[in-house]
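Structure, as C-alpha cells:
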Amino acid sequence: MEEARIGIYVCWCGSNIAKMVDVEAVAEEMGKLPNVVVAKNYKYMCSDPGQDLIVSDIKEHKLNRVVVAACSPRMHEMTFRKALENAGINPYLFEMANIREHVSWVHTDRDKATKKSKSLITAAINRVLYHDPLDKRSVDIDPATLVLGGGIAGLAAALEIAGSGKQVYLIERSGALGGYAAEIDLLAPYMNSAAQVLDPLIEQVQNHKNIEIFLESKVTDISGYVGNFDAKIEKKGKEVEKKIGNIVVATGLKNFDPAVIDRYGYGKLPNVVTAMEFEKMLKIGKVETKTGKLPKNVAIIHCVGSRNPDYHEYCSRICCMNALKFANQARSILPEANIFDLYTDMRAFAKGCEELYTQTSRKDVLFLKFEKGDLPTVKKAAAGDDCDMVIDMHEALSGEDIEVPADMVILMTGTEAHDDAKDVAHLVGVSMCGNDFFIEKHPKLDPVATTTDGVYIVGNCVSPKDIPDSVSQAKAAAARILASISQGSVEVEVTTAEVNEDICCGCQTCIKVCPYTAIGYDEEKNVSIVNEALCKGCGTCGSACPTGAIRSKHFTDVQILSQIEGLMSLEV
Amino acid sequence: MSQRVDPNLMKELESYGVKKKDWNACFHCGNCTAVCPLTEQGSMFPRKGIRSMQMGLKDKLAAGVEPWLCYYCGDCSDTCPRDANPGEMMMALRRWLTSVYDWTGLSGKLYRSKPLHLAVVSFLFFAVLAVFFIFAKIPLLSDPANVQLNSFAPVHVIELADHIMLAVLSFFLLSNMLNMFIKVVIKDKSVKIPIHLYFKEVWLAIWNFFTQWSFRKCEGKLYWFAHLFLMLSYMAMFSLIVLFLGWFQTDTIHPITHPQRWIGYIITAGLIFGSLYFMIGRARKKDRKFKFSHHSDWIWLFLLFMIAITGILIHIFRINGMAHLTYYTYALHLAFEVPMVVTFVAFSKWSHLVYRPLAIFFANLKKSTLALQKNR
C-alpha cells in the first residue's frame, strides 16, 4: 500500500462551530499527527472556495486521503466526495468528522468541546487510513412505470410519464378513476368545478395508448430492484405480471370517521353530516335537512379528527379552505340563513386562500373560535326551540360560553391513512411515520423519492395536501423517473455487503435479518449471495454473521475498530 | 348560563349606524383596544363590544357600560388594519343603548327613522309657533321701540310651561336612568356593590360630569374643550331658563357689567363655538370621529346652532328696541328649543349627558367593589 498522505480540513461553519470549538487549535494539533500532510481551517468548507482548497491541496501535496471535520455527513458527505472525484482520487478515500451536530450545537463548554472535536477527528484519521477505493456500479432501467392509485396524483403522474412515450401501468382498486376529487362539487379557493378539472384528465388517461389501466385491481407482489422490478397484479381474480423500472405510489388517504367523536353526534343526530356528505348535497343541488326543510342555521365545524391528540395531531390542511368554500356555497343557496363557522385557527396558506377567507368574511358568515382542547358539543335542541340542534361552545375571542343554533352541522372531517397503508408500504419497501404516512427520502430536499431507489411517493399518501401540491409532486416524480429512464441506467449503492464464500457456513442468518431482501442462498455452493442492486449497505448482516463471512464494504471491521481506537486515544 | 348567538342583531344595529362592512371586517386583532387611551383592565373596549355585536349577545351588550366610557377620539379607527371603524361601532352602540334604556320605545323609533325624527321635530317646531300665534298678544303696537318681552311672553307663563316640561321629561329620563341601573348593576350577579361605595364614588362621578376629566386622556385637547364648553353652556342655559327665568328674562336692559349680560354671552359663545366646531367637522368628514354622521347628529347640531343664533338675535333686537323682531325671534327661539329638549334630552343624543357620567359611576363602583373583594 502506498504511503498515506492525509489532508485535514476543519470547518468553522460560520460561527456555528467556531463559537464553541477552537478550530485553529484543533487544526494545528491534528497537523502534528502521523501521515497528516496538511491541516487547515476555513470559514465554510462546503463553499466553492472551500472545496477548491481541497482540490488544489490534493494536487499540490499529492494527498491520497481526506478528512473534513464539519457538519453531519448526511449534509455534505456527497459534496466532499465530489470534490475528491474532481481532484482525481477515489471519492471513498474520504471521511467526515461531525463536529457541529455532535459537538458545537450540543455542548456549552468550549474546552471540552474542542477536546471532543480532536477525538472525533483522530478517529476519522484512523479510519480513513483503512479506506479502500470503491467503484461505482450501475444497472439498466426498464422504461415501464407502475403507478399505484388512480386519484388525481396518480393520473397526473401517469399522464406525464406516458406523454414522453413510456409505458405506464395504472392500478386502481375501485371501479373508477378520479379518487375523492370525483366526489367534489367545486374546488377551493377559486370555486371552479371539480368535474371540469378532473374529467378531461381522466379522458386523456383512458385514451392514452401508453397507459394500461387496471381497475378493481391490486398489486400482490413486487420483487426486484430499481430499474428491474417485477410486479404481480391481480385483476378481478386473474393475475398478470409486469416488468417495470420505477414505481409511483399515489394511494392517497381516506376520510376520518367522525362517529368516534361522541360530542359531535354524528350518526345519532340526523342533520350532522360530514364534508363529503355535504359535497354530495351540493353536487345534486339539494341542500336540505333530513325532513326536507331548508336549514335556517348552518354550522360548520373545523378540525374534526385533526389537530387533536385524541385523534390525529397533524393538520389535514384541506379542510379550512373547504369549510370556507362550503360557507360560500351555503350563502349562495341559502341567502337568508345564518352561517356559523366554528374554527380553531384559520389556515389559509396556499395561493388564493387568504383571498378566499377575506371574501368569505364579507358574506355575513359568523366566525366563532374554539380552543383546540375545548371542542364544541352538538346536541338536540329542546322541544319548542326554533332550531333543530344547539351547539354549546366556549367562544375564545369573546371569552363567553355560548350556544349556537343549528339546523345542519357540517363536520370538516380530516384525512387519515388507509387501513392497509402498512401493506402498501411493505409491498414497495417504504417506511411509515407514526401517522402511517409514507416517509420521504428527505422531507425538504428529496420529498418524492424514498429510501428504496426507484420507488416514489406522491400526493396524500405522503401527508395531507391539496390538489396543486399533489399534482406538483406527481409531476416531480414523473420528471425524476423520466430522467432516470433517459439515462438508461442508474447508479446504485456501492457500499454493499459481500460474502467471503470460503468462510460462509450457510447458516442463512443474514437472509433472515436483511431488511431489503437483498441476500439470496446458493443451494449448490451452500453459501449466501448478496444481490448488490438491492443491498443498501446497512450492515445488519455483517453484525449478525456468526463467522464473519459477510463484510460490509466501507464498514469493515478494521475500519471501525481503528476508528474506535482513534476515538479513545486522546484523554477527554 | 350560556347565551344564544344571534347574528340577526346586525339587522337591528344597522339602523343605528353600524355598517355591515365593518361588522364583517373585524377579525379581532385587538389593535383598537391596545391603542385606546381609556380602556383598562376590567372594562376592555372596543374589541370586546364589537365581538358581542357580531355574536348578537343582546343581554351582554345591554349590561355593558363600555361604550359610554369612550369619547370617540378615533384612534382605534385610524389604526384598524381592517378599516372596520371600531370608533363608529361604539358610537352606534351608544345610540342602540339609549334605545335599550328607553322603556317607551320612542328613542328607538327616532333613531331608526330619519323621516319620523324630522317629522316630530317639525311638528313641535310649528306647534310652538302656533301656540304663540294663537295666544301671544303683541303689546303696544303703537310703540315698537319699547320692547316688552314679558308682556309678549310673560315669565310666569313660560316658567310654568318650562316646569311642566321639566317634570315630564325628568320622569322619562329618570326612569330610563333607573332602567340603565337595573340592566347594568342590579342584573349583574357577579358584583355586589356595598352601599357605602355609592356615597364614596358619587363625588368622582360629579367631578367627571363637570370636567369630563377622563376625556383628557384622549388625543386632541380642542375636541375635549369644544365638547366640554358646549355641554357646560347648554347646562347653564338650561338651568337659567328653567330655574331662573325671572332673573334672566327681564325687560330692563342691564349694563354690560351685569352678570346677566356676560353669563349670557359666555353661554352663547359656548353654544356657537361648540355647534360650529362639530358641524364643520362633520361636514368636512376629514377627521375620523366626524366621518360618519347619523341623522340624529345633524338634527341635534342644527337645533343647537339655531337656538344660539336666535338667542343672539333676540338680544340684539331687544337692546336696539326692535320690538317686533324681538317677539318673532323669541317665538322662533322657543320653537327650536322645545323639540330639542323634548326629543333629544330624554330620548336621543342629549341623554348621553346623564348616561355617560352614570356609566363612569357604575364602572367605578364595580372596580372599587372588586378592589375591596381582592383586599379582603
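Any read-out appearing in this document is the output of simple, stated calculations on the displayed coordinates, not a laboratory observation. Quantities reported herein were computed from a predicted structural model and do not represent experimental measurements. So basically every Cβ, Gly included, is an ideal-geometry build from the backbone, and we count neighbours across all protein chains shown.
Fewest neighbouring Cβ atoms within 10 Å first, the residues B:MET10, A:MET276 line up as A:MET276, B:MET10.
Summing charges over all other residues whose Cβ lies under 15 Å from the Cβ of A:ARG307, with Lys and Arg as +1 and Asp and Glu as -1, gives -2.
Extending 7 Å from the Cα toward the beta-carbon at both A:ASP374 and B:ILE186 defines two label points whose distance is 3.2 nm. The residues B:PHE133, A:PHE94, when put in order of fewest to most other Cβ atoms within 10 Å, stand as B:PHE133, A:PHE94.
Mind giving me the FRET efficiency for A:LYS268 and B:ASN179? R0 is 30 Å, r the Cβ-Cβ distance, nearest 0.05 is fine. FRET efficiency, A:LYS268 to B:ASN179: 0.10.
Listed values for the range A:208-221 are Karplus-derived 3J(HN,Hα) couplings in whole Hz (6.51 cos²θ - 1.76 cosθ + 1.60, θ = phi - 60°), namely 7, 6, 8, 10, 9, 9, 10, 8, 6, 10, 8, 8, 9, 7, and x replaces Gly and Pro.
Between A:GLU241 and A:ASP48, the contour length at 0.36 nm per residue exceeds the alpha carbon distance by 64.6 nm. Per residue, the convex hull spanned by the Cα atoms of the range B:9-101 amounts to 82 cubic angstrom. Which residues among the range A:152-183 fall inside the zone where the amide N is under 19 Å from a point 7 Å beyond the Cα of A:GLN196, along Cα→Cβ? The answer is A:181-183. In plain terms, the C-alpha convex hull of the range A:31-78 casts an average shadow of 3.6 nm² when viewed from every direction. Summarising the overall dimensions of the range B:86-221 from its C-alpha atoms, the Rg and Dmax are 21.9, 72 angstrom.
Once the Cα atoms are used to define both axes, helix A:557-569 deviates from the longest principal axis of chain A by about 80 degrees. With Cα atoms as the point set, the radius of gyration and Dmax of the range A:452-541 evaluate to 18.3, 56 Å.
Spatial offset of the range A:508-561 relative to the range B:98-167 amounts to 110 Å, using the alpha carbon center of each.
Assuming charge only on the beta carbon of Lys and Arg (+1) and of Asp and Glu (-1), the dipole of the protein assembly as shown about its Cα centre is about 4300 debye to the nearest 20.
Would you mind checking the tilt of helix A:467-487 against the longest principal axis of the Cα atoms of chain A, expressed as 0 to 90 degrees and rounded to 10? Between helix and principal axis, roughly 30 degrees.
Remark: for residue pairs B:LYS19/B:LYS366; A:LYS293/A:LYS380; B:LYS20/B:LYS289; A:LYS290/A:LYS380; A:LYS444/A:LYS465; A:LYS254/A:LYS286, the C-alpha separation exceeds 20 Å in B:LYS19/B:LYS366; A:LYS254/A:LYS286.
The translational diffusion coefficient of the range B:109-187, from Stokes-Einstein at 25 °C and 0.890 mPa s with a Kirkwood hydrodynamic radius over alpha carbon pairs, comes to 152 µm²/s. What does the charge count around B:LEU97 come to, taking other residues whose C-beta lies under 13 Å from its C-beta (Lys +1, Arg +1, Asp -1, Glu -1)? Local net charge: +3. Note on the range B:195-329: Cα-only Rg and Dmax are 17.9, 57 Å.
Once Rg and the Kirkwood radius are both taken over the C-alpha atoms of chain B, their ratio Rg/Rh works out to 1.01. For the range B:61-87 versus the range B:318-360, the spacing of their alpha-carbon centroids is 29 Å. For the range A:390-495, the relative contact order is 13 percent, taking Cα pairs closer than 8 Å that sit 6 or more residues apart in sequence and dividing their mean separation by the residue count. Using the Cβ-Cβ distance between B:LEU372 and B:ILE263 with R0 set to 56 Å, the FRET efficiency from 1/(1 + (r/R0)^6) comes to roughly 0.85. Bridges between two residues of the protein assembly as shown, per DSSP, are antiparallel at a rate of about 45%. Positive end of the dipole of the protein assembly as shown (Cβ unit charges, origin at the Cα centre): among A:ILE519, B:GLY74, B:ASN150, the Cα lying farthest that way belongs to B:ASN150.
With each label modelled as a point 7 angstrom along the Cα→C-beta vector, the B:TRP213-B:PHE27 pair spans 4.2 nm.
Taking only the Cα atoms of the range A:497-553, the ratio Rg/Rh comes out at 0.90, with Rh defined as the Kirkwood radius. Overall, the range A:1-95 carries a charge dipole of about 160 debye about its Cα centre when +1 sits on the Cβ of Lys and Arg and -1 on the Cβ of Asp and Glu, all other atoms neutral. Taking the inverse of the mean 1/r over every pair of distinct Cα atoms in the protein assembly as shown gives a Kirkwood hydrodynamic radius of 35.8 Å.
Computed over the Cα atoms of the range A:6-134, the ratio of the radius of gyration to the Kirkwood radius (Rg/Rh) comes to 0.94. Unpaired Cys in chain B, meaning no second Cys C-beta under 4.7 Å: B:CYS26, B:CYS29, B:CYS36, B:CYS70, B:CYS80. Extension gain for A:ASN90 to A:PHE349 (0.36 nm times residue separation, less C-alpha to C-alpha distance): 88.6 nm. Tell me the angle of helix B:155-181 to the major Cα principal axis of chain B, expressed in degrees between 0 and 90 and rounded to the nearest ten. Approximately 0 degrees, to the nearest 10. Exposure proxy for B:ARG112, A:ARG317: other Cβ atoms within 10 Å of each Cβ, ordered fewest to most, give B:ARG112, A:ARG317. Divided by 2.2 N^0.38 Å, where N counts the residues, the Cα radius of gyration of the range A:83-140 comes to 1.51. The calculated FRET efficiency for A:ASP385 paired with A:GLU288, based on their beta-carbon distance and R0 = 22 Å, is about 0.70.
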